[in-house]
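Q: Structure provided below as structure tokens; questions to follow.
The values are calculated or read from the model by the stated rules, or taken from the named source; none is laboratory data. The model shown is predicted, which means the values in this text are computed figures rather than measured ones. Cβ placement follows ideal geometry from the backbone for every residue including glycine, while neighbour counts extend to all protein chains displayed.
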Amino acid sequence: MWGPGIRRATVRYMVPGIKYLREGEGTMHEGHRERLKDRFLSEGIDSFNQHQVLEMLLFFTIPRKDTNPLAHELMERYGSLSGVLEADPSDLAKVPGIGRNTAMLLSFIPSLCRRYMNDKWRDKPQLSSSAKAGAYAESLFHGRQYEAFYVICLDAQNRVNYAALVHEGTIDSAAVYPRLIVETALRHQASSIILAHNHPGGSLQPSAADLDATKKIISACDAISIRVMDHIIVAGANHFSFADRGLI
């Protein structure tokens, strides 16, 4: 029987493998989260360190844990914020503390950025200069880790009819390649086209294969009276224009 002055003991059953918060620790983490969110709302993201951007992103799938150590661990493992976001989701999911939902969220960000940039151009932009064509081409490759090739189909006023992804992988000059470009241009009723591909390794200089394939594509398009206006190579936030260099 419990008498006056006698405190009843609280029995806590601890499950092996689960990290339990100390008294007040959850409140401390919540306070830190709110301060980071308020800072974002008042200052934007530019003043954040890379690990702080990642830490705040992790808030949304890891609601009751200090995500700062995990953000540092991911940065150390993958080398940079972009390295984390471009990591294979199945590899991310193997990191302790990262579940399937968190891995999916992190891997979703680059593709979301690409869709966001594409959406800003949604109203048939007019690519009347190599600078505009380069900026548009850059929007097609945000977050792409592998080489890809687009045919940007234009109408008679140089407005975009459609940007078709026609190839993923290393460019080559095989006969099927020009044929695929021609079929794409005809399918989308292009008056002219702009070729665009990326160099994920960072080099803007066209390779011998780039030059050879471009010549073959131009020749194939000339036969059906479709002009190749430019070939844009994108590397990160920069681009190289064949037209500007007199290569078309």
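Q: Just one of the numbered conditions (1) surrounded by 18 or more Cβ atoms within 10 Å (Cβ to Cβ); (2) under 27 Å from the mean Cα position of the chain (by Cα); (3) closer than 21 Å to Q126 by Cα is not true of L165; which one?
A: Tallying (1) surrounded by 18 or more Cβ atoms within 10 Å (Cβ to Cβ); (2) under 27 Å from the mean Cα position of the chain (by Cα); (3) closer than 21 Å to Q126 by Cα, L165 fails exactly one: (1).
Q: Does I233 fit the bill of being of a type in the set (A, V, I, L, M) and more than 27 Å from E86 (Cα to Cα)?
A: So I233 does not fit the description; no.
Q: Can you tell me which condition R122 does not meet? The list is (1) modelled with pLDDT of 90 or more; (2) farther than 27 Å from G201 by Cβ; (3) not hydrophobic (A, V, I, L, M, F, W, C), and all the others hold.
A: (1)
Q: Answer with yes or no whether L247 is outside the structural domain of V151 (by TED's automatic domain parsing) and in contact (Cβ under 8 Å) with a residue 12 or more places away in the chain.
A: yes
Conditions tested, residue by residue: (1) surrounded by 13 or more Cβ atoms within 10 Å (Cβ to Cβ); (2) touching a residue at least 40 places away in the same chain (Cβ under 8 Å); (3) within 28 Å of G31 (Cβ to Cβ).
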| residue | (1), (2), (3) |
| --- | --- |
| Y78 | yes, no, no |
| S82 | yes, no, no |
| E86 | yes, yes, no |
| N101 | no, yes, yes |
| L106 | yes, yes, yes |
| I109 | yes, yes, yes |
| Y116 | no, no, no |
| S129 | yes, no, no |
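Q: Tell me which residues, restricted to segment 96-138, are among the small types (G, A, S), assigned to a helix (DSSP H, G or I) and more than 22 Å from S82 (Cβ to Cβ).
A: S130, A131, A133
Q: Whether any residue in segment 231-242 is buried (at least 16 other Cβ atoms within 10 Å of the Cβ) and touching a Cys at 6+ places or on another chain (Cβ under 6 Å) is what I want to check.
A: No, segment 231-242 contains no residue that is buried (at least 16 other Cβ atoms within 10 Å of the Cβ) and touching a Cys at 6+ places or on another chain (Cβ under 6 Å).
Q: Do we have any residue at all in segment 136-153 that's touching a Gly at 6+ places or on another chain (Cβ under 8 Å), over 12 Å from I193 (Cα atoms) and at pLDDT below 85?
A: Taking every residue of segment 136-153 in turn, at least one turns out to be touching a Gly at 6+ places or on another chain (Cβ under 8 Å), over 12 Å from I193 (Cα atoms) and at pLDDT below 85.
Q: Another question, then. Of the numbered conditions (1) under 20 Å from the mean Cα position of the chain (by Cα); (2) under 22 Å from V95 (Cα atoms); (3) at pLDDT below 85, I45 fails exactly one; give the number of that condition.
A: (2)
Q: Follow-up question, since we're still on this one. Would you be able to tell me the number of residues in segment 41-67 that are free of Cβ contacts under 8 Å to residues at least 24 places away in the same chain and surrounded by 18 or more Cβ atoms within 10 Å (Cβ to Cβ)?
A: The number of residues fulfilling the criteria is 3.
Q: Might you check whether a residue that is of a type outside the set (D, E, K, R), farther than 30 Å from V84 by Cβ and part of a strand (DSSP E or B) occurs anywhere in segment 139-151?
A: yes
Q: Kindly provide the set of residues from segment 208-225 that are closer than 22 Å to L140 by Cα and either without any contact (Cβ under 8 Å) to a residue 24 or more places away in the chain or touching a helix residue (DSSP H, G or I) at 6+ places or on another chain (Cβ under 8 Å) (or both), ordered by number.
A: A213, I217, listed by residue number.
Q: Can I ask one more? Any residue that is surrounded by 20 or more Cβ atoms within 10 Å (Cβ to Cβ), hydrophobic (A, V, I, L, M, F, W, C) and within 19 Å of A235 (Cα to Cα) - is there at least one of those in segment 176-191?
A: No: zero hits.
Q: List the pairs whose first member sits in segment 133-145 and is within 11 Å of C113 (Cβ to Cβ), whose second member is among the charged types (D, E, K, R), and whose Cβ atoms are under 7 Å apart, counting only residues at least 6 apart or on separate chains?
A: H142/R114; G143/R114
Q: Does R159 meet the test of being under 20 Å from Y136 (Cβ atoms), at pLDDT below 95 and not hydrophobic (A, V, I, L, M, F, W, C)?
A: yes
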